[in-house]
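Just so it is clear, none of the values below were taken in a lab; they were calculated from the coordinates. Note that this is a predicted model, so its numbers are computed, not measured. Quick reminder, even Gly has a Cβ in these numbers, built from the backbone with ideal geometry, and neighbours come from all protein chains shown.
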Amino acid sequence: MPDLPLSTVASAFAAAGWDRDEAGRLSRLIELLLDRPAPPDPPCAFPDFSRLRDRLAEAVETEGPEEVETRLLELYAHLHMNEAPYSPDERRRLDAAGGYWNHAGGLSPILKAGSWITGHTVSADLGAGNGLQGLLLQALYPHARADQVEISSGLRDVGEGLRDWLGIPRDRVRWIVDDLLNVSTAGYDFIYLYRPVRPEGPGRDFYARFAREVESQPRPPVIFSVADCLRGVLSDRYEVCYGDGHLTCFRPRLPGSDPGGRARTLESPE
């Protein structure tokens, strides 16, 4: 850990124009990662972790917010594992469904989710890869359970190693190893997805079913959608509470507000 207090890092990001709450969450994420040794399991999955962690620690001590963010993103991307170990059969099933191979969603969803997750939340990551995104949400904002839906059993195994490495209790994370097209998306309070399937063929049916399932709940979930395919599918039960071209955040429409058409868009924060 660097000698510089992480509260100083949060203040520096806030001074650079970041939302103050998100700057605080960013400093907690940095502290979480700098406190960890290299992930022990499986071997050789994260060969550059120590080097990238040390570069982040050095940036925290000597550089400004822009360089710190760059070094954090490098470490995050390494942990996310863009080279995902899908088996040939898993790759065939992904291709048949129009699925994508483990893209990193970035820091923005992690930092913004803190406004929506409480201790009672049951969350889901649809197409979780090695589960890093959902695991970081659970580590930063402990909640009832984080479900990780992922077709690859190999990535599940890596994710279980990351769960243990982050110190998250086993009963706070549930893995559902299956094709996303077979899995119900009902029963959640918070859902994260990064366009897990293309919106055509089987994927079109998936998004239509997704909309039916979430909107049939008495209390529909908050949805964080990266590379969004939902805006034209969700009804006026939802409104967009944030959108920046990469991340679109949907919340159930507030009682008494004007529906204004499908998934009405509110003024997005700068």
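Summary of values
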| quantity | calculated |
| --- | --- |
| Inter-probe distance in nm under a simple model that places probes 7 Å from Cα toward Cβ, at ASP21 and ARG231 | 2.3 nm |
| Projected label distance in nm at LEU73 and ARG174, using a 7 Å step from Cα toward the beta-carbon | 3.5 nm |
| Gyration tensor (alpha-carbon) shape descriptor, segment 179-256, a/c threshold 1.5 | oblate |
| Stokes-Einstein translational diffusion, segment 96-207 - Kirkwood Rh over all Cα pairs, 0.692 mPa s, 37 °C, in µm²/s | 233 µm²/s |
| Span from the segment 110-160 Cα centroid across to the segment 34-72 one, whole angstrom | 21 Å |
| Rounded to the nearest 20 debye, dipole of segment 98-236 from Cβ charges on Lys, Arg, Asp, Glu | 200 debye |
